[in-house]
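A.B. asks: What follows is a structure written as structure tokens; I'll ask about it next.
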Amino acid sequence: MDSGATKINYTFTEYTPCHGVCDLFNNLIAFATVILMSYKLIGDLKEGERYFLLTNEAIARAALESSVDVATTYPGTPSSEIGEVLNVVAEKTGLYFEYSVNEKVAFEIAMSAALSKLRAITFMKHVGVNVAMDSLMSSAYIGTDGALVIISADDPSMYSSQNEQDNRVIARFAHLPLFEPSSPQEAMDMLKEALKLSEQFHIPVMMRTTTRVSHLRGMVKPDKIGRANTSGSFKKRNMHNIPLPEFARKMKVELLDKMKRIEKEYDITKWNRIEHLNNGSSHTGIITSGSSYNYVYDVAMEYKVAADVMKIGFSYPLKTDLISSFLKEHDNVIVIEEVDPVIEDNITIIAQRNNIDKKIHGKWDGYIPMMFENGPDIVKNALSKLLNRRFDVYDVPEMDEFPEPVRPPALCPGCPHRASFYIMKSGLRQAGLYNKSIVPTDIGCYTLGVEQPYEFGDVLLSMGSSIGTANGFSQFQEYPVVPVVGDSTFFHAALPGIINAIHNNHDLLYVILDNRTTAMTGGQLSPVNEVDDAGRKYRAIDIYSTLKGIGIDHVYKIDPFDIKNGIKLFREAISEKGVRAIIFERECALITDKVEHAMGNYHLFQVNQNKCIHCMNCVERFSCPAIYKEGKIVNINPYLCDGCGACAKPIVCPPEAIEKVS
Amino acid sequence: MSTIKILFTGVGGQGIITSGVVLGEAAILENKNAVMSEVHGLAQRGGMVNVEMKIGDAKSPLIEEGASDIVVGMEPSETYRLRKRYNRNSSIIINTNPIVPFTTSIGLGSYPDVNNLLNSFKKVYNRLYLIDADLLARKAGNPVTASIVFVGAVSGLKEMETTIRKEAVIKAIENHFPSKLLDINLKAFYLGYEITRNRDNNVV
């Protein structure tokens, strides 16, 4: 800490002021209870009353109201809350809800329901749609007998994703009609409409939300819930569902015809409407969708901008006549959307094809940025440029300069991954391989291992990519390759990669960090689990015997809190040749805490200052958020300490100065 | 119809979302519209958390630069970090208790001197309320109620009188919390409410 920094004393015995941080965990637990209660309540909302709901909660509610029969997902931010709600309310209507092993399987289950005359939804984050893509691309060719809606939760600005792909592009690519809601209420209405459209035209329909819509809380008026039916009837129609080349060609002809019919016959006026803000203006025409519509509305109302706004809620296929008359009727036209210029490009094409010679402003001429999410300031600047008008700005005063502390996301106190990283880093150091061996990492909380001080992670592409890239690295360079993956990700996408490694005689040490849950998205079910929160039973898949069964001879398994033996084992494994695997198995601390705290068990460790030799190993190499130093004194924040005791092991604290408090 | 824009900032786990949800539910009882942005996902615990909220005729909760009417700063350095988001005349409520991240222990960044920081706030802002929300929360009976102390402090502000009445907020708290947690939360509400009520600023 800098000399000028605030002095804070967390010594437990004389601890009176809590400096805020103390309540983090208590508060979290209280908060979790409230949220869980409200998730259950989504099934009991009274029709006609108003509720303050998250869009994801509203979508789950809409699934109940519209009698959706089947809902599947693989958790992923910003879509996760839809599943969390459905998981606890599905029984209200008898809906079949499933956390599938990955998005492709989730999609295929939903598709099979739609082929069995049922109503199905499947939802996932934007990159999850990539996993489902192979099947999704053929789904519109085959079509539906019931209904299928795919909800893609995109993440502009990448709040919790590896890229910000704009999945509206997929709607056109795969020939799927596309809805783009702006608010919780609209998401609710659109899901119902999308199901009907899917049934009417026998085609899968897509709905795209973005983080700012998925996690927007607003006013919702629920309707009454329906009744699900999970006994479908699949109609055998020989060739109809098999896109062998000769049939696929026929299907493509039918599909394009279907899209033309939708464009012609489907009444989109409710979703693509023109609003005359501040009495409207033929001078200014704004075309917008999703979250950007919200910013346009707010800025226009705040600064009394008279404009005609075409709000596009149904963005593929776009109805040509509506667009061309809007273009003709307005002097200045701007398209405001997030992320890619999807609507803008479409509109430019419509203008060109209809001989409308009008400049269309938007992303291509820099009025709106080509990347990241929009916001009120971006829209304000764009309108200021378009209207050649200066808007008022607020008096934001200058303040003195102060340091701004960094708060990167960090592994929780008690997290088993920290101990696993400590083991692996120590093992590599001892073997003289630290900074030499290649560590392809994967997607989960353990991606944070790349942060200081563990710095464990060299390359990451997507779910399961650790093992695939490891296959290559093991062939093309000399140092040991140590891919790292979590339990849920292992089953999600790693199995083909590991089979490939075995079959092709690659040389790698596969590390599986098995924390018994899908932790990063909030602790959803993982295939290793036998029972879920609601007490439902599953068949657990054992990672050890899976690896053994597909032919890895050297599979090790150890509790990462057994740090000393863990290092020994890891060193042994790294010195071997061929494909070998080591499983670090220990339950996520948040799950352990939930059980322990419910039984009233709290544990706590603190530093015995008489024994501490100030080696700083715990601070600098173990680095738990609960351990901090002040000058040379090391202390443990009693309110952050999880009581796991991993730091008290002599291998982390040689003088054994970290002691359990009774 | 004017819109009230509220910016909440602090550290994950402080109950920021709870504060916003209670105010939003109070808006429903007043037959008003409310929109709120939330942060979910990748390791929010101990990380920076901002929640933005508008009450009135608004579609997006996101607040443009400098436009916040009310700032709920649950942590001093986080309030400082967002200084471009509010203006000289915003009502700014700041918790005087710093949360020093562990990163300062491993040499990543540093935490400012909190007294100097708060003094700097006093120099430039016209409507500043410095409160020891954690102390008040403990007074109420449980440190967890700090987020409701802030709800109280927001409700006590003059500009809220015509937007959401105190009674609606109390009703929302009653609806939101299970009965065994109700008393301490109502107590926390009043402790916060009394601090800002009818005062132009209050420096504790």
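A.B. asks: Counting just the residues of the range B:126-139 that are more than 13 Å from the chain's Cα centre (by Cα) and surrounded by 22 or more Cβ atoms within 10 Å (Cβ to Cβ), which one comes out nearest to B:ILE195 (Cα to Cα)? Before the answer, list the steps.
C.D. replies: In the first step, residues of the range B:126-139 are kept if they are more than 13 Å from the chain's Cα centre (by Cα); the result is B:126-127, B:135-139.
The next check asks that each one be surrounded by 22 or more Cβ atoms within 10 Å (Cβ to Cβ); those that pass are B:136-137.
Numbers: B:LEU136: 10, B:ALA137: 13 Å.
In this case the residue turns out to be B:LEU136.
A.B. asks: Going by the conditions given, is B:MET36 assigned to a strand (DSSP E or B), within 20 Å of B:LEU157 (Cα to Cα), within 8 Å of chain A (Cβ to nearest Cβ) and under 14 Å from the mean Cα position of the chain (by Cα)? Talk me through it step by step, then tell me what you get.
C.D. replies: Values: assigned to a strand (DSSP E or B): yes; within 20 Å of B:LEU157 (Cα to Cα): yes; within 8 Å of chain A (Cβ to nearest Cβ): yes; under 14 Å from the mean Cα position of the chain (by Cα): yes.
It is true that B:MET36 is assigned to a strand (DSSP E or B), within 20 Å of B:LEU157 (Cα to Cα), within 8 Å of chain A (Cβ to nearest Cβ) and under 14 Å from the mean Cα position of the chain (by Cα).
A.B. asks: Just to check your reading of the model, which residue among B:ILE55, B:ILE99 is crowded, with 22+ Cβ neighbours inside 10 Å and modelled with pLDDT under 95?
C.D. replies: On the way: B:ILE55 fails: modelled with pLDDT under 95.
Step by step, each of B:ILE55, B:ILE99 is checked, and only B:ILE99 is crowded, with 22+ Cβ neighbours inside 10 Å and modelled with pLDDT under 95.
A.B. asks: Take A:TYR602 and tell me if it is under 27 Å from B:VAL100 (Cα atoms), modelled with pLDDT under 90, hydroxyl-bearing (Ser, Thr, Tyr) and in contact with a helix residue (DSSP H, G or I) (Cβ under 7 Å, 6 or more places away or on another chain).
C.D. replies: Working: under 27 Å from B:VAL100 (Cα atoms): yes; modelled with pLDDT under 90: yes; hydroxyl-bearing (Ser, Thr, Tyr): yes; in contact with a helix residue (DSSP H, G or I) (Cβ under 7 Å, 6 or more places away or on another chain): no.
Judged against the criteria, A:TYR602 is not a match.
A.B. asks: Hey, among A:ILE541, A:ILE591, A:ILE552, which residue is among the hydrophobic types (A, V, I, L, M, F, W, C), crowded, with 18+ Cβ neighbours inside 10 Å and either outside any loop (DSSP other than H, G, I, E, B) or modelled with pLDDT of 95 or more (or both)? Walk me through it before giving the result.
C.D. replies: On the way: A:ILE541 fails: crowded, with 18+ Cβ neighbours inside 10 Å; A:ILE591 fails: crowded, with 18+ Cβ neighbours inside 10 Å.
On inspection, the qualifying residue turns out to be A:ILE552.
A.B. asks: Okay, moving on. Anything in the range A:398-436 that is surrounded by fewer than 20 Cβ atoms within 10 Å (Cβ to Cβ) and over 30 Å from B:TYR111 (Cα atoms)? List them, or say none.
C.D. replies: Within the range A:398-436, A:ARG429, A:GLN430, A:ALA431, A:GLY432, A:LEU433, A:TYR434, A:ASN435, A:LYS436 meet the criteria.
A.B. asks: Let me ask something additional. So how many residues does the range A:359-399 have that are of a type outside the set (A, V, I, L, M, F, W, C) and either assigned to a helix (DSSP H, G or I) or touching a strand residue (DSSP E or B) at 6+ places or on another chain (Cβ under 6 Å) (or both)? Spell out the reasoning first.
C.D. replies: Pass one, the range A:359-399, residues of a type outside the set (A, V, I, L, M, F, W, C): A:359, A:361-363, A:365-367, A:369, A:373-377, A:380-381, A:384-385, A:388-390, A:392, A:394-395, A:397-398.
Imposing the further condition that a residue be either assigned to a helix (DSSP H, G or I) or touching a strand residue (DSSP E or B) at 6+ places or on another chain (Cβ under 6 Å) (or both) reduces the set to A:361-362, A:367, A:376-377, A:380-381, A:384-385, A:394-395, A:397.
Matching residues across the range A:359-399 total 12.
A.B. asks: Got a sec? Which of A:GLU254, A:GLU275 is within 14 Å of chain B (Cβ to nearest Cβ) and surrounded by fewer than 23 Cβ atoms within 10 Å (Cβ to Cβ)?
C.D. replies: Values: A:GLU254 fails: within 14 Å of chain B (Cβ to nearest Cβ).
When all the criteria are applied, what remains is A:GLU275.
A.B. asks: Let me ask another. Would it be correct to say that B:ILE106 is within 7 Å of chain A (Cβ to nearest Cβ) and in contact with a Pro (Cβ under 7 Å, 6 or more places away or on another chain)? Full working, then the answer.
C.D. replies: Numbers: within 7 Å of chain A (Cβ to nearest Cβ): yes; in contact with a Pro (Cβ under 7 Å, 6 or more places away or on another chain): yes.
So B:ILE106 fits the description; yes.
A.B. asks: Something else now. Looking at (1) under 23 Å from A:ASP514 (Cβ atoms); (2) out of contact with any His (no Cβ under 6 Å at 6 or more places or on another chain); (3) touching a residue at least 24 places away in the same chain (Cβ under 8 Å), find the lone condition where A:VAL595 falls short.
C.D. replies: Here A:VAL595 meets the rest and fails (3).
A.B. asks: Collect the residues in the range A:446-457 that are crowded, with 18+ Cβ neighbours inside 10 Å and part of a loop (DSSP other than H, G, I, E, B), keeping them in residue-number order.
C.D. replies: Let us first name the residues in the range A:446-457 that are crowded, with 18+ Cβ neighbours inside 10 Å, namely A:446-449, A:451, A:454, A:456-457.
Answer for the range A:446-457, where residues must be crowded, with 18+ Cβ neighbours inside 10 Å and part of a loop (DSSP other than H, G, I, E, B): A:GLU451, A:TYR454, A:PHE456, A:GLY457.
A.B. asks: If you take the residues in the range A:378-427 that are within 13 Å of chain B (Cβ to nearest Cβ) and of a type in the set (Phe, Trp, Tyr), which one is nearest to A:GLU585 (Cα to Cα)? Spell out how you get there, then give the answer.
C.D. replies: Initially, the range A:378-427 is screened for residues within 13 Å of chain B (Cβ to nearest Cβ), giving A:378-384, A:391-415, A:417-418.
Of the ones still in play, those that are also of a type in the set (Phe, Trp, Tyr) are A:391, A:394, A:402.
Details: A:PHE391: 58, A:TYR394: 54, A:PHE402: 43 Å.
By that ranking, first place goes to A:PHE402.
A.B. asks: While we're here: If you check A:ILE627 against the conditions, is it within 30 Å of B:THR104 (Cα to Cα), within 14 Å of another protein chain (Cβ to nearest Cβ) and out of contact with any Asp or Glu (no Cβ under 9 Å at 6 or more places or on another chain)?
C.D. replies: Numbers: within 30 Å of B:THR104 (Cα to Cα): yes; within 14 Å of another protein chain (Cβ to nearest Cβ): yes; out of contact with any Asp or Glu (no Cβ under 9 Å at 6 or more places or on another chain): yes.
Criteria met by A:ILE627.
A.B. asks: Quick one: in the range A:328-346, which of the residues that are part of a helix (DSSP H, G or I) and touching a strand residue (DSSP E or B) at 6+ places or on another chain (Cβ under 6 Å) is surrounded by the fewest Cβ atoms within 10 Å (Cβ to Cβ)?
C.D. replies: As a first pass, look at the range A:328-346 and keep what is part of a helix (DSSP H, G or I): A:328-329, A:342-346.
Checking the rest, the ones that are also touching a strand residue (DSSP E or B) at 6+ places or on another chain (Cβ under 6 Å) come to A:343-344.
Values: A:ILE343: 26, A:GLU344: 22.
If we take residues in the range A:328-346 being part of a helix (DSSP H, G or I) and touching a strand residue (DSSP E or B) at 6+ places or on another chain (Cβ under 6 Å), then A:GLU344 is surrounded by the fewest Cβ atoms within 10 Å (Cβ to Cβ).
A.B. asks: Which one of B:LEU157, B:LEU117, B:LEU191 is farther than 22 Å from B:LYS54 by Cα, among the aliphatic types (A, V, I, L, M) and within 17 Å of the chain's Cα centre (by Cα)? I'd like the intermediate steps shown before the answer.
C.D. replies: On the way: B:LEU157 fails: farther than 22 Å from B:LYS54 by Cα; B:LEU117 fails: within 17 Å of the chain's Cα centre (by Cα).
Of B:LEU157, B:LEU117, B:LEU191, the one residue that is farther than 22 Å from B:LYS54 by Cα, among the aliphatic types (A, V, I, L, M) and within 17 Å of the chain's Cα centre (by Cα) is B:LEU191.
A.B. asks: Separate question: Within the range A:130-149, track down each residue that is assigned to a loop (DSSP other than H, G, I, E, B) and either β-branched (Val, Ile, Thr) or farther than 17 Å from A:GLN200 by Cβ (or both). Can you show your working first?
C.D. replies: From the range A:130-149, those assigned to a loop (DSSP other than H, G, I, E, B) are A:143-146; that's our starting set.
Within the range A:130-149, A:THR144 is the sole residue that qualifies.
A.B. asks: Tally time: how many residues in the range B:92-132 are touching a helix residue (DSSP H, G or I) at 6+ places or on another chain (Cβ under 7 Å) and small (Gly, Ala, Ser)?
C.D. replies: So the answer is 3.
A.B. asks: Turning to a different aspect of this structure: Mind checking which residues of the range A:595-614 are over 11 Å from A:ILE658 (Cα atoms) and either within 14 Å of chain B (Cβ to nearest Cβ) or of a type outside the set (A, V, I, L, M, F, W, C) (or both)?
C.D. replies: Of everything in the range A:595-614, those that are over 11 Å from A:ILE658 (Cα atoms) and either within 14 Å of chain B (Cβ to nearest Cβ) or of a type outside the set (A, V, I, L, M, F, W, C) (or both) turn out to be A:GLU596, A:HIS597, A:GLY600, A:ASN601, A:TYR602, A:HIS603, A:HIS614.
A.B. asks: Considering B:ASP134, B:ASP57, which residue is closer than 19 Å to B:MET36 by Cβ and acidic (Asp, Glu)?
C.D. replies: Checking each option against the conditions leaves just B:ASP57.
A.B. asks: Would you check if there is a residue in the range B:131-151 being outside any helix (DSSP H, G or I) and of a type in the set (Phe, Trp, Tyr)?
C.D. replies: No, the range B:131-151 contains no residue that is outside any helix (DSSP H, G or I) and of a type in the set (Phe, Trp, Tyr).
A.B. asks: Can you pull out every residue in the range A:548-560 that is more than 17 Å from A:GLU576 (Cα to Cα) and in contact with a strand residue (DSSP E or B) (Cβ under 9 Å, 6 or more places away or on another chain)? First the steps, then the outcome.
C.D. replies: Start the filter on the range A:548-560 by keeping residues that are more than 17 Å from A:GLU576 (Cα to Cα), which leaves A:549-550, A:558-560.
Passing the criteria: A:ILE558, A:ASP559, A:PRO560.
A.B. asks: Further, regarding this structure: What is the residue count in the range B:152-185 for residues that are β-branched (Val, Ile, Thr), in contact (Cβ under 8 Å) with a residue 40 or more places away in the chain, assigned to a helix (DSSP H, G or I) and closer than 14 Å to B:VAL21 by Cα? Let's see the steps before the verdict.
C.D. replies: To start, the set of residues in the range B:152-185 that are β-branched (Val, Ile, Thr) comprises B:154, B:162-164, B:169-170, B:173, B:184.
Pick out the ones that are also in contact (Cβ under 8 Å) with a residue 40 or more places away in the chain and you get B:154, B:163-164, B:169, B:173, B:184.
Checking which are assigned to a helix (DSSP H, G or I) leaves us with B:154, B:169, B:173, B:184.
Retained after the next criterion (residues that are closer than 14 Å to B:VAL21 by Cα): B:154, B:169, B:173.
Total satisfying the criteria: 3.
A.B. asks: What is the residue count in the range A:285-320 for residues that are among the aromatic types (Phe, Trp, Tyr) and either surrounded by fewer than 22 Cβ atoms within 10 Å (Cβ to Cβ) or assigned to a helix (DSSP H, G or I) (or both)? Explain how you work it out, then say what you get.
C.D. replies: Of all residues in the range A:285-320, those among the aromatic types (Phe, Trp, Tyr) come to A:293, A:295, A:297, A:303, A:314, A:316.
Still in the running and either surrounded by fewer than 22 Cβ atoms within 10 Å (Cβ to Cβ) or assigned to a helix (DSSP H, G or I) (or both): A:293, A:295, A:297, A:303.
Residues meeting the conditions: 4.
A.B. asks: Then there's this: Would you confirm, using the coordinates I've provided, whether A:MET370 is within 14 Å of chain B (Cβ to nearest Cβ) and in contact with a Lys or Arg (Cβ under 6 Å, 6 or more places away or on another chain)?
C.D. replies: Working: within 14 Å of chain B (Cβ to nearest Cβ): no; in contact with a Lys or Arg (Cβ under 6 Å, 6 or more places away or on another chain): yes.
Judged against the criteria, A:MET370 is not a match.
A.B. asks: Can you tell me how many residues within the range A:98-115 are under 22 Å from A:VAL213 (Cβ atoms) and either surrounded by fewer than 24 Cβ atoms within 10 Å (Cβ to Cβ) or of a type in the set (D, E, K, R) (or both)?
C.D. replies: Total meeting the criteria: 1.
A.B. asks: Going through A:CYS588, A:CYS615, A:CYS641, A:CYS624 one at a time, which residue ends up being touching a Cys at 6+ places or on another chain (Cβ under 9 Å) and free of Cβ contacts under 8 Å to residues at least 60 places away in the same chain? Working first, answer last.
C.D. replies: Numbers: A:CYS588 fails: free of Cβ contacts under 8 Å to residues at least 60 places away in the same chain; A:CYS641 fails: free of Cβ contacts under 8 Å to residues at least 60 places away in the same chain; A:CYS624 fails: free of Cβ contacts under 8 Å to residues at least 60 places away in the same chain.
Result of the check over A:CYS588, A:CYS615, A:CYS641, A:CYS624: A:CYS615.
A.B. asks: Go through the range B:1-33 and count every residue that is at the interface with chain A (Cβ under 8 Å from one of its Cβ atoms), within 30 Å of A:GLU404 (Cα to Cα) and in a helix (DSSP H, G or I).
C.D. replies: Result for the range B:1-33: 4.
A.B. asks: Among (1) in contact with a strand residue (DSSP E or B) (Cβ under 7 Å, 6 or more places away or on another chain); (2) of a type in the set (S, T, N, Q); (3) crowded, with 21+ Cβ neighbours inside 10 Å, which single condition is A:SER623 missing?
C.D. replies: In the conditions (1) in contact with a strand residue (DSSP E or B) (Cβ under 7 Å, 6 or more places away or on another chain); (2) of a type in the set (S, T, N, Q); (3) crowded, with 21+ Cβ neighbours inside 10 Å, A:SER623 misses (1) alone.
The values are calculated or read from the model by the stated rules, or taken from the named source; none is laboratory data. This is a predicted model, so every value here is computed, not measured. A quick note on method: Cβ atoms are made from the backbone with ideal geometry, for glycine too, and the neighbour counts reach across all protein chains shown.
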